[in-house]
Structures are given as structure tokens and as C-alpha cells.
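Reviewing the structure listed below.
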Amino acid sequence: MIVAFVNPQPTLYTTDPTAEQERTASGLSMLLQQAELIPVTGLDEAELLSVPAAFTSWQILRHGAVVIGPDGLEDPAWRRLTLETQRLRAEGLRLAHTAATHISQLGQLGLEVTLEEHSGLPLLARLVHPYGLELALLQAERELHEWLDGGPFQADFRVLNQGESLTLLPRELTPESAVNYVLDQLPAEVTLTLGVSAQEGDAAFLALCDYAMIPGESGWLSRAEIAEDED
């Protein structure tokens, strides 16, 4: 039995795919037909429905904060751990949301800043530009790091730039910790685990799998080639 931990964005799904992206997504889907697919994504349950793939086993959602079991219900043990983190970081997340809102307003960046909750507690702050303006997100990312650096929350939160959005969430909530948890729950008949992602930030969870797949045009491969040339 083969289990594939897959970040579906943009390996299997993008909102406005090019012909090349459609070709590679179709080919990857065919390649993974014999594997049991487990999504590892920042999407929530409703958003995951847009991905053209059958996820019938475990699901790792919202950047590792939510783990759904094969029964379709949130895993109770993982939920308790996430809730502990949410309670610990709730006030900091509210202040981070306020800071992000001020950054957007003062810089006239035009970002939509939301504080997303889970189980009635703050989970993460998300920044999105309605027209996908990359420069606005990059400026907001720099200023968020400046706000965090040297402040009381420097060790508490991390900022993810996913191209179309910025996400600020507790450092304790990571895809790799959730993948590690699910690996321990898999049955003995699993003979191979595969990690698939186009996101450089997913390197830690890919390293937990027996094999990893990344796009050949990935920026991290290019940097590895440059490092080899310099050596």
C-alpha cells in the first residue's frame, strides 16, 4: 500500500491554470492513481472540495492545525493539541491582526485582513489583495516581520507567503508535525510513503516521507544547482 502526502496547490489544483499546469496536474494524478492520497494544505474542508482528487483517508488542513480522520471527523487528540495552542496564542493573534490591518491602512496597500477562527478561538490572520497585487503582499510581509522582530511575539508566530496571500499563525502549528502524527496512525500494510509539493516551505514534511516529488522547475532545485557550481 502506497500513501502519498500531497499539497494540492498548485500540483493538482490552481484557480486559473495554464495549459502547462493542466497537463502536469493531469499527469501527476495518473501517476498517483495507485496511492492513497492525504492532502497537506492550508485549505479548509470546504475549499478542499474544489480540488479534483479523491481524498478518502486522512486530511491535514489549515497548515497542520486540523487533522481529519478516515471517518470524516476531526481527530480528537490532535484537536486538543491545536486548542491548547490557540488558547496560548489567542491574544497575540488578535494583536497581530490589528497590526496587519494598520500596516495595510497606513501603507495604502488595499489588503483584505481577516482573523480566522477554529472552534471559537483565533487560529490565524490572513492577508489577501483583491487583485492579487504581489508588491502589496511583499511590502506587508516585510513590515509584519519588522513588527515581530524584537517584539514580545517574535518566537510565537511565523509568516507564510503563498504568492496569493500572507498567513500569520502560531509556530507550533506546522504541516510536518501533523504529517508525523498521521504517519504514526497508518496501518502496518503501508509499504511506501511519498511526499508531493511545489512549495519550498513544505520541505520539512517531505523529508518525513520515504520519497519526495517536487517540480523540476522549482526554485529550490535551482538554488541547489548554484550551490554545487560554487563548490
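Every number in this text was worked out from the coordinates using simple rules, so none of it is lab data. Since the model is a prediction, treat every value here as computed from it, not as a measurement. When we count neighbours, we look across all protein chains shown, and the Cβ atoms used for this are built from the backbone with ideal geometry, even at glycine.
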Requested in this report: Have a look at Leu186, Leu43, Leu123 and tell me which one the Gaussian network model of the chain (Cα, springs below 10 Å) gives the largest fluctuation.
Outcome: Leu186
Query raised in the report: What share of all Cα pairs of the chain, in percent, falls into each consecutive 10 Å distance bin?
Result: 7, 30, 35, 23, 6, 0
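How high is the relative contact order of region 89-170? Use alpha-carbon pairs under 8 Å, at least six apart in sequence, and give a whole percent.
Answer for region 89-170 is 30 percent.
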Report summary line: the chain: longest segment with zero exposed GluC sites (Glu not before Pro), where exposed means DSSP loop plus at most 15 other C-beta atoms within 10 Å, is residues 1-163
Requested in this report: Restricting things to alpha carbons, find the Rg to Rh ratio for region 89-170 using the Kirkwood radius for Rh.
Outcome: 0.94
**Report entry** Gaussian network model of the chain, springs between alpha carbon atoms under 10 Å - residue of Ser165, Ser119, Ser57 with greatest fluctuation
**Finding:** Ser119
Report task. In a Gaussian network model over the chain where Cα atoms closer than 10 Å are linked, find which of Pro170, Pro187, Pro70 has the largest mean-square fluctuation. Result -> Pro187
